Each structure stands twice: as structure tokens, then as C-alpha cells.
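Asker: One structure follows; several queries about it will come next.
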Amino acid sequence: MPYDYRRMPYETPAPLKRGEAEERIGVAIVGAGPIGLALAVDLAMRGVASVVLDDNDVVSVGSRAICWAKRSLEILDRLGVGERIAEKGVTWKVGRTYHGDEEVWSFDLLPEEGHKMPAFVNLQQYYVEEYLVERCRDFPDLIDLRVLNTVSGVSRDGSATVSTPDGTYRLKADWLVACDGARSPIREGLGLEFVGELFEERFLIADITMKADFPAERRFWFEPPFHEGQSALLHKQPDDLWRIDLQLGWDADPEEEKRPEKVIPRIERIVGDRPFELDWVSVYTFQCRRLARFVHDRVIFCGDSAHVVSPFGARGGNGGLQDVDALGWKLALIAKGEAPESLLESYEAERIEAADENIRNSSRATRFMTPHPGAERWFRDAVLALAKKAPFARSMVNSGRLSRPCSYSASPLSGPDDPTLPAASRPGAPAPDAPFGDDWLLNALPDGFTVLVFGGEAHLPGATTLVAPREDALRARYLGEAERAFYLIRPDQHVAARWTHWDKAAAAGALAKAKGGAP
């Protein structure tokens with residue numbers, strides 16, 4: 001059944017209702033996609049109000065972002081919609097890569113048990129936005145979602161002009177967060193440019209509805225037998241929807257390639273005689289680029305407005321949600337006067353590290369998939385040829401290293417580390433989930449700072465103490481060979497510091513540092 005694109009109701013914005021031409025607010029979020037909506041919910045859960053402005057009144061048209069990684073699902077679960085997304089979506093963890101019609105490489109993204117969320121869930125972006133819009137309605141006093149409110153004339157002091165069907169008003173925000181996508185009008189209005197690499201390649205996306213028994217796996221082909229281009233990709237989505245990506249070449253005419261009479265024969269060569277219907281078609285190019293800085297005075301960039309990557313590896317939407325994860329608690333503390341504005345420097349440092357990591361992996365995958373003539377092409381072809389016979393070459397086949405959360409190795413917020421504890425839970429890393437009594441660890445963590453205790457006792461003013469049960473998965477991920485451990489966990493569920501012996505003074509210093517103060 002086709003998705004029902006229900007429109008969100010427009011209401012005259014509050015200042016125009018009052019007959020005023022100007023409004024002063026704390027936080028304005030521009031863009032009601034997954035990133036902007038998630039940030040609004042995150043702030044509301046921390047007691048901070050925001051106004052969300054979008055020039056549209058409907059969720060995204062077309063499936064767009066579909067692959068939601070485990071860490072993103074954990075973030076969305078913290079925001080109250082993760083279980084719903086996991087239940088509706090198609091769960092998968094196996095990826096298969098082919099050269100021609102021969103499989104040359106496969107991988108399992110979540111080989112160990114004991115995690116609440118799966119490795120990946122495929123779900124159309126419009127469902128994620130729909131669930132987040134409904135979640136916003138749980139905070140009527142804290143989230144003011146204004147559709148058909150077009151933002152223009154933005155200044156670095158957080159002021160902007162907003163046009164609506166009922167007129168124009170001036171908005172002045174303490175903080176204005178640009179979540180307005182890869183073509184960000186706010187970025188353009190401030191005269192900011194991306195730095196990085198533009199890839200001269202075009203790909204066709206086709207979403208089709210089809211009854212098929214293909215497995216719920218990521219399937220990628222180099223030089224596919226059914227398509228004249230260099231690569232093809234197939235993903236399963238809910239509602240009998242299938243995503244197909246086909247490499248077209250830089251010389252392809254985007255408008256010509258989107259015509260049904262051009263698309264349908266391509267799809268028929270893939271799916272055979274199975275009946276199908278086109279649901280959505282798009283042709284895209286991509287970049288691996290970012291802003292030099294993400295914070296410009298009172299304007300903060302988040303998601304695709306700050307950085308863009310190729311879609312191979314599912315790093316776009318997932319990277320944006322991890323931006324929200326790093327920004328929400330910091331902005332909330334600043335808005336409530338509980339942390340200095342300089343705390344935002346850590347958002348920039350952490351998420352630039354993550355963006356560079358994503359861009360590096362995305363660029364490598366893209367160059368492997370679309371090699372230049374010469375050495376790049378020779379290397380790619382040699383790897384594919386060897387992979388059919390030599391196991392050592394199979395891990396070199398790069399069809400898009402899939403999204404993983406960044407461990408902030410150089411975060412200015414990280415405190416002491418005892419390196420004898422497991423590497424997976426080192427400072428800067430997201431806290432690994434595990435069974436926790438009758439629940440899950442990430443569910444048990446409160447919204448603020450937490451001291452997670454494994455053996456012994458600990459108390460730290462300004463943080464909640466959580467005593468961990470002695471369970472195998474927890475021990476493996478947090479204790480290793482140690483008998484006791486003490487972890488300081490940030491509000492975004494990243495590890496701030498850890499010890500094998502409790503030192504209250506050191507812990508207080510680590511907490512102060514994690515809040516943006518002096519250690």
C-alpha cells in the first residue's frame with residue numbers, strides 16, 4: 001500500500017497571532033527532517049523549549065535515508081521512538097558483495113549477542129519523520145512545530161526573517177540550529193562553503209513495490225550482469241518496497257534517466273518477470289565534504305548542513321543523529337545556565353572528528369566503486385579478481401564500509417582512563433549496551449551524568465550512581481579481567497572517564513571537565 005503523505009496542519013505563528021513583528025526565543029531549529037525533529041525531542045526531554053521551522057508541511061517524499069545503524073537506533077530509543085522503528089523496519093545484519101554473478105565477500109555486522117538493538121534496520125525516512133513528529137506532540141509546551149515557515153536572511157547573531165502564509169515576522173534566537181540539509185539555505189546565506197571532494201558520477205535510485213522472496217540482506221554488485229554500469233545495490237524495505245541503486249556514469253542525463261520508459265526496462269533486467277510498480281525515482285550525485293567549522297557565533301550546523309558524504313555506507317542520516325546526540329545535552333546545559341557556552345567547542349571538536357572519519361571511509365569506498373582510469377582501476381580490478389580465490393583479498397573489497405559510531409579519541413571532555421579495562425568502553429566511546437537485570441543498560445542510564453559501578457561503592461555530587469549486576473556481557477564489555485571498575489557516563493551515553501579504583505576527587509574533576517569546565 002502506498003504511503004499516505006498526510007499534511008501537517010499549518011497554524012498562524014504565535015508572534016503574528018499577537019500582532020507582533022518580532023519574537024525572541026531561546027532555541028530555533030530550522031528544518032523538520034529527522035535531525036531537526038530529533039534535536040527538538042532531545043531538548044524537550046531535558047526541559048528546554050524550541051521552535052522548529054520548516055518551509056514544507058509534509059514529511060519527506062520518497063524513502064530517501066533508509067538504513068538506520070545500531071547506534072542511531074539506540075539514540076532514537078532514548079528519544080522514545082526506537083522500538084517503534086525497529087518493529088516497523090526490516091532488520092538485517094548480513095551484507096553480500098558480488099563481482100558479476102559470483103559472491104566474493106560477505107560480512108555479519110553483529111556477530112555477538114546481548115544487544116537490544118540490531119545492527120541495522122531498513123525503514124523509509126518518511127516513517128522516521130512521522131514517528132518523530134508524533135513524539136514532538138508529547139511536548140506541547142516545549143516544542144512549537146511551525147510548518148510553512150520559510151527562514152531567510154539569517155545572521156550570525158541568531159536572527160532571521162520568517163515568511164508564512166499569514167505574513168512575515170522577525171525571529172531572534174539565543175541559538176539557531178541549522179538542520180536544513182545538504183543544500184542548506186542558512187549555510188548559503190552566511191556565505192559558508194564546504195571543503196572536500198565532489199565525485200563526478202551519477203546514480204539512479206528506484207523504489208519499487210514488489211512481492212519477492214529475496215533475503216533481508218544488503219546485496220551489492222560490481223559489474224552486475226543485469227546492468228551496463230559499474231555497480232548496483234539492492235535493499236529490502238517494509239511494505240514490499242525495494243530500493244535499487246544503479247550507477248549510470250557522469251554523462252547520463254538526469255531528467256532522461258528518470259523517465260519511466262527508461263527506468264522500467266532496467267528494473268525488469270534485475271527482477272525478471274516479477275510484477276512491480278515504481279514508487280519513487282531520483283538521480284543523484286554526491287560529495288564528501290564538510291564545513292571548516294560547525295559553530296558560527298549563535299548559529300550551529302547539524303547533520304547534512306554541516307557535512308555530506310556518499311550514500312554508500314549509510315553515513316548521512318546516521319551521522320546526523322549522532323550530531324544530535326552530541327549537541328542536545330550540551331545545548332540544554334548551556335540554555336539552563338548550567339554550563340559555559342564554551343562547551344559548544346567540544347561539539348565542534350567531536351563531530352568534526354566524526355565527520356572526517358565518515359568522509360575518509362566514504363571517499364575510499366567511492367573511489368573503489370568509481371575508480372579513475374589507471375592505478376585506481378587496476379587496483380580495484382585486481383582486488384575483485386583475487387577475492388574470488390584468495391581469502392586475504394576479500395576484506396579489501398569496498399562497497400561501502402557501513403556506519404559505525406565515532407569514538408571521540410581526542411575529545412576535550414574525556415577524563416582519566418585505565419587502559420587495562422576493555423577497549424570497547426574507553427573514554428570517548430559510546431557505552432556498549434548489554435543485558436542489565438530484566439532490562440538493558442542503555443535503558444537504565446538516566447538523562448544526566450551517571451557513575452556506573454562494578455563492585456565497590458561510589459558517590460559523586462552532580463551524578464547518579466548506578467550499580468551494575470554481575471552479568472557476563474557486562475563483565476566482558478566493561479570489566480575484562482578487572483574485579484571492579486567505575487565509569488563516568490555522559491548524558492549522551494558516551495564514556496567520559498573510568499577507573500579501577502574509586503577516587504572521588506579525580507571523579508569530581510572529570511565531571512567538571514565533562515561539563516566544559518576546568519578539570
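Asker: Looking at (1) at pLDDT 90 or above; (2) in contact with a helix residue (DSSP H, G or I) (Cβ under 7 Å, 6 or more places away or on another chain); (3) over 20 Å from G95 (Cα atoms), can you tell me which one L192 breaks?
Answerer: Result: L192 fails condition (2) only.
Asker: Quick one: L16 ticks every box in (1) surrounded by fewer than 16 Cβ atoms within 10 Å (Cβ to Cβ); (2) assigned to a helix (DSSP H, G or I) bar one, so which box is it?
Answerer: All conditions pass for L16, except number (1).
Asker: Further question on the same structure: Scanning the range 301-317 for residues that are aliphatic (A, V, I, L, M) and within 25 Å of R96 (Cα to Cα), which turns out surrounded by the fewest Cβ atoms within 10 Å (Cβ to Cβ)?
Answerer: By that ranking, first place goes to A314.
Asker: In the range 45-72, what residues are in a strand (DSSP E or B) and of a type outside the set (A, V, I, L, M)?
Answerer: Matches in the range 45-72: S50, D54, C67, W68.
Asker: Considering only the range 266-303, state which residues are modelled with pLDDT under 95 and under 19 Å from the mean Cα position of the chain (by Cα).
Answerer: Result: F286, Q287, C288, R289.
Asker: Another question, then. Provide a single number: the residues in the range 96-111 that are touching a residue at least 12 places away in the same chain (Cβ under 8 Å) and out of contact with any Leu (no Cβ under 7 Å at 6 or more places or on another chain).
Answerer: Number of matching residues: 11.
Asker: A further question on this structure: Please pick out the residue among R475, R470 that is part of a loop (DSSP other than H, G, I, E, B) and modelled with pLDDT under 95.
Answerer: R470
Asker: Pull out all pairs, ordered by first then second residue, where Cβ-Cβ is under 6 Å, the residues are six or more apart or on different chains, the first lies in the range 318-346 and is surrounded by 24 or more Cβ atoms within 10 Å (Cβ to Cβ), and the second is at pLDDT below 95 and polar (S, T, N, Q).
Answerer: N318/S403; G319/N358
Asker: Still on this structure, please answer the following. So, in the range 142-159, exactly how many residues are over 13 Å from A14 (Cα atoms) and in a loop (DSSP other than H, G, I, E, B)?
Answerer: Qualifying residue count, the range 142-159: 8.
Asker: If you don't mind, another one. Residue by residue through the range 412-458, note down the ones that are within 24 Å of G517 (Cβ to Cβ), touching an Asp or Glu at 6+ places or on another chain (Cβ under 9 Å) and crowded, with 22+ Cβ neighbours inside 10 Å.
Answerer: Within the range 412-458, L413, P427, P430 qualify.
Asker: Return the residues of the range 114-141 that are among the charged types (D, E, K, R), farther than 19 Å from S72 by Cβ and in contact (Cβ under 8 Å) with a residue 12 or more places away in the chain; say none if nothing qualifies.
Answerer: Once the filter is applied, which keeps residues that are among the charged types (D, E, K, R), farther than 19 Å from S72 by Cβ and in contact (Cβ under 8 Å) with a residue 12 or more places away in the chain, the range 114-141 yields D138, D141.
Asker: Considering the range 85-96 alone, what residues qualify as being at pLDDT 90 or above and surrounded by fewer than 22 Cβ atoms within 10 Å (Cβ to Cβ)?
Answerer: Once the filter is applied, which keeps residues that are at pLDDT 90 or above and surrounded by fewer than 22 Cβ atoms within 10 Å (Cβ to Cβ), the range 85-96 yields I85, A86, E87, K88, V90, T91, R96.
Asker: Among the residues of the range 457-485, write down those that are free of Cβ contacts under 8 Å to residues at least 24 places away in the same chain and of a type in the set (A, V, I, L, M).
Answerer: Of everything in the range 457-485, those that are free of Cβ contacts under 8 Å to residues at least 24 places away in the same chain and of a type in the set (A, V, I, L, M) turn out to be L466, V467.
Yes or no, residue by residue, for (1) touching a residue at least 60 places away in the same chain (Cβ under 8 Å); (2) surrounded by fewer than 18 Cβ atoms within 10 Å (Cβ to Cβ); (3) not assigned by TED's automatic domain parsing to the domain that holds L148:
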| site | (1), (2), (3) |
| --- | --- |
| A65 | yes, no, no |
| L73 | no, no, no |
| G80 | no, yes, no |
| E83 | no, yes, no |
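Asker: I would also like to ask the following. Can you tell me how many residues in the range 73-115 are assigned to a helix (DSSP H, G or I) and in contact with a strand residue (DSSP E or B) (Cβ under 7 Å, 6 or more places away or on another chain)?
Answerer: The qualifying residues number 3.
Asker: Where in the range 175-275 are there strands (runs of 3 or more DSSP E), lying fully within it, with 3 or more residues that are surrounded by 15 or more Cβ atoms within 10 Å (Cβ to Cβ), out of contact with any Lys or Arg (no Cβ under 9 Å at 6 or more places or on another chain) and not assigned by TED's automatic domain parsing to the domain that holds I300?
Answerer: Qualifying strands (runs of 3 or more DSSP E): 195-210.
Asker: Still on this structure, please answer the following. Taking the stated definitions as given, is G374 in contact with a strand residue (DSSP E or B) (Cβ under 6 Å, 6 or more places away or on another chain) and at pLDDT 90 or above?
Answerer: Taking the combined requirement at face value, the residue does not satisfy it.
Asker: Which one of the conditions (1) without any contact (Cβ under 8 Å) to a residue 24 or more places away in the chain; (2) not in a loop (DSSP other than H, G, I, E, B) does P446 fail to meet, given that it meets all the rest?
Answerer: Single failed check for P446: (2).
Asker: Follow-up. Quick check, is L233 touching a residue at least 40 places away in the same chain (Cβ under 8 Å) and within 21 Å of P260 (Cα to Cα)?
Answerer: Against the criterion (touching a residue at least 40 places away in the same chain (Cβ under 8 Å) and within 21 Å of P260 (Cα to Cα)), L233 qualifies.
Asker: Still on this structure: Just to be sure I understand, how many residues within the range 52-88 are at positive phi and among the charged types (D, E, K, R)?
Answerer: Count: 1.
The values are calculated or read from the model by the stated rules, or taken from the named source; none is laboratory data. Owing to the predicted nature of the structure, the values given are computational and were not obtained by experimental measurement. So basically every Cβ, Gly included, is an ideal-geometry build from the backbone, and we count neighbours across all protein chains shown.
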